1. Note the full-extension length gain between Glu143 and Glu74 as 0.36 nm times their separation in residues minus their Cα-Cα distance, in nm to one decimal.
2. Before I look further, what does region 45-125 give for accessible area per residue, probe 1.4 Å, in whole square angstrom?
3. Classify region 11-115 as rounded, prolate or oblate from the Cα gyration tensor: take a ≥ b ≥ c as the square roots of its eigenvalues, call it rounded if a/c is under 1.5, otherwise prolate when a/b beats b/c and oblate if not.
4. Taking only Cα atoms, what is the 0 to 90° angle, nearest 10, from helix 89-105's long axis to the longest principal axis of the chain?
5. Trypsin sites (Lys or Arg not before Pro), restricted to region 65-142: which are DSSP loop and have at most 13 other Cβ atoms within 10 Å?
6. If I take R0 = 30 Å and measure r between the Cβ atoms of Lys6 and Ala92 in this structure, what FRET efficiency does the formula 1/(1 + (r/R0)^6) give, to the nearest 0.05?
7. Put +1 on the Cβ of each Lys and Arg and -1 on the Cβ of each Asp and Glu in the chain; which of Thr175, Ile14, Pro108 then has its Cα farthest toward the positive end of the dipole?
8. Taking the Cα centre of region 1-105 as the origin, how large is its charge dipole in debye, to the nearest 20, when only Lys and Arg (+1) and Asp and Glu (-1) carry charge on their Cβ atoms?
Amino acid sequence: AASSRKPEEKEMYITEGDSASNIQRDTKTQAIFPIRGKILNVFESNLSDALSNSEISTITATMGAGIGQTFALEDMQYHKIIIAADADVDGAHIRTLLMGLFFKFFKPLVEAGYLYVVEAPLYRAMKYIKGQPHVKMYYTQKEIDADRDNLKGYEIQRYKGLGEMNKDEAYDAITNRATH
């Protein structure tokens, strides 16, 4: 949980599994909520079935604003809900399931612009220039291929997802406000 009492400055990151353990955060304004595996596909279920899923019921309780017909945007404990899944097929599926959850049962949150999706980088290129690290992030193969001529001397690392990043790399890719 984030310790701030001001929902407008708080962010809740919903991460895929153990990837959450690598993410540095500002404990005052940023909360990390790891989910285990894929949540229920809510488009094929009713509210009762959705709430019987432990991940969905915990997300609902953490947001503090109800669900479905009882959802009250003004009671939200976090004004930014950020989905941060891996950059692979499973991560894409988890993002889709979570977006479906928010669209079906928390639609006013989506309409108010409180839902965000982080795209995890596929590549990180780094080299030292005058003793300072210079980092470039790439989100698609096409992006890095287009910039290959500018990467002389860079060390390039490919990621499957957040769990492969060390603590500093995940911080820069996800929660560091300076790199958003």
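1. Numbers: separation 69, 0.36 × 69 = 24.84 nm, distance 3.99 nm.
Contour length minus the Cα-Cα distance gives 20.8 nm.
2. 44
3. Values: a/c = 1.71, a/b = 1.13, b/c = 1.51.
Oblate, since a/c reaches 1.5 and b/c is not below a/b.
4. 30
5. Lys130
6. 0.35
7. Thr175
8. I would put it at about 260 debye.
The values are calculated or read from the model by the stated rules, or taken from the named source; none is laboratory data. Worth saying up front: this structure is predicted, and the values here are computed from it rather than measured. With ideal geometry, Cβ positions are generated from the backbone for all residues, glycine too; neighbour counts draw on all protein chains shown. For accessibility, only protein heavy atoms count, side chains too; no ligands or nucleic acids. Shrake-Rupley method; radii C 1.70, N 1.55, O 1.52, S 1.80 Å.
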